[in-house]
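The values are calculated or read from the model by the stated rules, or taken from the named source; none is laboratory data. Please read these numbers as outputs of a predicted model, since none were measured by experiment. Neighbour counts run over all protein chains shown; Cβ positions are idealised from the backbone, glycine included. Just the protein is used for accessible areas: all its heavy atoms, side chains included, with ligands, DNA and RNA removed. Shrake-Rupley method; radii C 1.70, N 1.55, O 1.52, S 1.80 Å.
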Amino acid sequence: MPLTDAKIRNTKPSAKPIRLTDGRGLYLEVRPTGAKLWRYRYRIASKENAFAIGEYFNDKRVGHVSLEGARRSRDEAKLLVRQGIHPAHHRKAHRSAAGSTFEAVARDWLAQKQASWTPQYARKVEHFLQADIIPQLGKLPIRDVTSAHLLAILRQVEKRGAKTIALLLRQWCSAIFRYAVCTLRAEGDPAAILTGAIIRPRTKHHTSLSRDQIALLITRIKSYGGQATTKIALQLALLTFVRPTELQEAEWSEVDLERAEWRIPANRMKMGEAHLVPLSKQALELLRDLHALTGNQRRLFPNRRRPKTACMTATTLNRALERMGLNGKGSIGFSAHGFRATASTFLNEAGFRPDAIERQLAHKERNTTRASYNQAEYLNERSALMQHWADRVGEIGRAAKSAAPAPNHSLETH
């Protein structure tokens, strides 16, 4: 008689295994431990075999098989047996193939590399692989992926004007293939021969603002009709000249208003080293204003739609600059990265030591002993240059002539 869920549930374990037969080779073995295991008994070449289907449980837990599911697996296994194929051998081969798709290898590679990457870089790599590579190559066995496959994708990315991303994708794919070779899942790197297929674009340095353009920026920030947090973020970007991602992902736990310090942890820095930002009086005033808005949350600039789980998006500041008429077509082409170049230009002209400026810009010092020495040596000078820069910005702002503001759009991407 076929099994029922009621019969299975009511069968209690005993000192010896109990076998409950369902029919057509399917049975359930109830172990003394209480485990209930599905088995399918079959013959190939006159030799009896048992195929382990899984453990019984009448719900959808991962790894558990219901009565209905066991019968489906039994029927699928019977088809294989008729072809002389052992179901266990087929399942092993299928799992091996699934673990050797391009996507599976790529995710293994990502997991291995994440420990040595900053979180933002890891997100960048995963984002572009998921956007451009995985949808087209993910399900292919990695051994079947050819240079022609990759080149077609790289050309698509290049065509949309993202040459730098195409170059990075080739580089990352090459690393994935090398990892596949090391783990015996591929025999070569078809991305290697594509070196040079995409011509590297000429480096475009970030625009540095002139004195008059800083005045225009300050005027337009004041008249901007967007979110108050965005206006504060733009002003802090100008005063602290940290990288945009370092500002967007900032957390209140990093900021000490009493000591006038902002300590950015190593895992959020591009160079992987903790960074100290001395805060000017003007920056402190902005942070106190911001604290009244977001001080009860983890981040200084929480995402407007997902404040508990995400920060301000990478495009927010540039979109605001675009609406102010400072970025985009027909503008001076100023982006959020340009705050760093602007501060560096003015501070060098003011006579501050280049080493102190470079340290405050968090540029990598190749000599680690010298780097440690410089961090302590230049701290007083860095505090002075930060206050000098904030005072200079304030002077420019006060002397700014009235300028017609750009349309005050309040729609932003957070």
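What the table shows:
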{"quantity": "Conditions (1) among the polar types (S, T, N, Q); (2) closer than 18 Å to Thr245 by Cβ; (3) free of Cβ contacts under 8 Å to residues at least 24 places away in the same chain; number of the one not met by Asn348", "calculated": "(2)"}
{"quantity": "Index of the failed condition, Phe57 passing every other in (1) in contact with a strand residue (DSSP E or B) (Cβ under 8 Å, 6 or more places away or on another chain); (2) of a type outside the set (Ser, Thr, Tyr); (3) at pLDDT below 75", "calculated": "(3)"}
{"quantity": "The one condition in (1) among the hydrophobic types (A, V, I, L, M, F, W, C); (2) touching a strand residue (DSSP E or B) at 6+ places or on another chain (Cβ under 8 Å); (3) farther than 22 Å from Ile85 by Cα; (4) modelled with pLDDT of 90 or more that Ala15 fails to fulfil", "calculated": "(2)"}
{"quantity": "Test: Leu238 is of a type in the set (A, V, I, L, M), surrounded by 15 or more Cβ atoms within 10 Å (Cβ to Cβ) and more than 23 Å from Glu381 (Cβ to Cβ)", "calculated": "no"}
{"quantity": "Residue match in the stretch 126-143 (condition: touching a His at 6+ places or on another chain (Cβ under 9 Å) and open to solvent by 50 Å² or more (accessible area, probe 1.4 Å))", "calculated": "yes"}
{"quantity": "Filter result for the condition that a residue is touching a Lys or Arg at 6+ places or on another chain (Cβ under 9 Å), polar (S, T, N, Q) and crowded, with 20+ Cβ neighbours inside 10 Å, over Thr164, Thr195, Thr245", "calculated": "Thr245"}
{"quantity": "Candidates Ala180, Ala115 - the one that is at negative phi, touching a residue at least 60 places away in the same chain (Cβ under 8 Å) and not hydroxyl-bearing (Ser, Thr, Tyr)", "calculated": "Ala180"}
{"quantity": "Ala260 vs. criteria of a type in the set (A, V, I, L, M), buried (at least 18 other Cβ atoms within 10 Å of the Cβ) and over 28 Å from the mean Cα position of the chain (by Cα)", "calculated": "yes"}
{"quantity": "Subset of the stretch 262-305 (residues that are part of a loop (DSSP other than H, G, I, E, B), at pLDDT below 90 and among the charged types (D, E, K, R))", "calculated": "Lys270, Glu273, Arg304, Arg305"}
{"quantity": "Filter result for Thr229 (surrounded by 13 or more Cβ atoms within 10 Å (Cβ to Cβ), touching a Phe, Trp or Tyr at 6+ places or on another chain (Cβ under 7 Å), polar (S, T, N, Q) and assigned to a helix (DSSP H, G or I))", "calculated": "yes"}
{"quantity": "Considering residues of the stretch 349-394 that are surrounded by 15 or more Cβ atoms within 10 Å (Cβ to Cβ) and of a type in the set (S, T, N, Q) only, the residue modelled with the lowest pLDDT", "calculated": "Asn374"}
{"quantity": "Whichever residue in the stretch 144-161 is of a type in the set (Val, Ile, Thr) and farther than 15 Å from Arg200 by Cα and, among such residues, is surrounded by the fewest Cβ atoms within 10 Å (Cβ to Cβ)", "calculated": "Thr146"}
{"quantity": "Output for the stretch 4-51, where each listed residue is over 16 Å from Leu79 (Cα atoms), among the aliphatic types (A, V, I, L, M) and under 49 Å from the mean Cα position of the chain (by Cα)", "calculated": "Ala6, Ile8, Leu28, Val30, Ala35, Leu37"}
{"quantity": "Output for the stretch 279-305, where each listed residue is among the aliphatic types (A, V, I, L, M) and without any contact (Cβ under 8 Å) to a residue 12 or more places away in the chain", "calculated": "Ala292"}
{"quantity": "In the stretch 1-19, the residues that are open to solvent by 70 Å² or more (accessible area, probe 1.4 Å), without any contact (Cβ under 8 Å) to a residue 12 or more places away in the chain and in a helix (DSSP H, G or I)", "calculated": "Asn10"}
{"quantity": "Of the criteria (1) in contact (Cβ under 8 Å) with a residue 40 or more places away in the chain; (2) of a type outside the set (A, V, I, L, M); (3) part of a loop (DSSP other than H, G, I, E, B); (4) farther than 24 Å from Leu385 by Cβ, which one Thr219 fails", "calculated": "(3)"}
{"quantity": "Some residue of the stretch 268-275 being closer than 22 Å to Leu293 by Cβ, touching a residue at least 24 places away in the same chain (Cβ under 8 Å) and not basic (Lys, Arg)", "calculated": "no"}
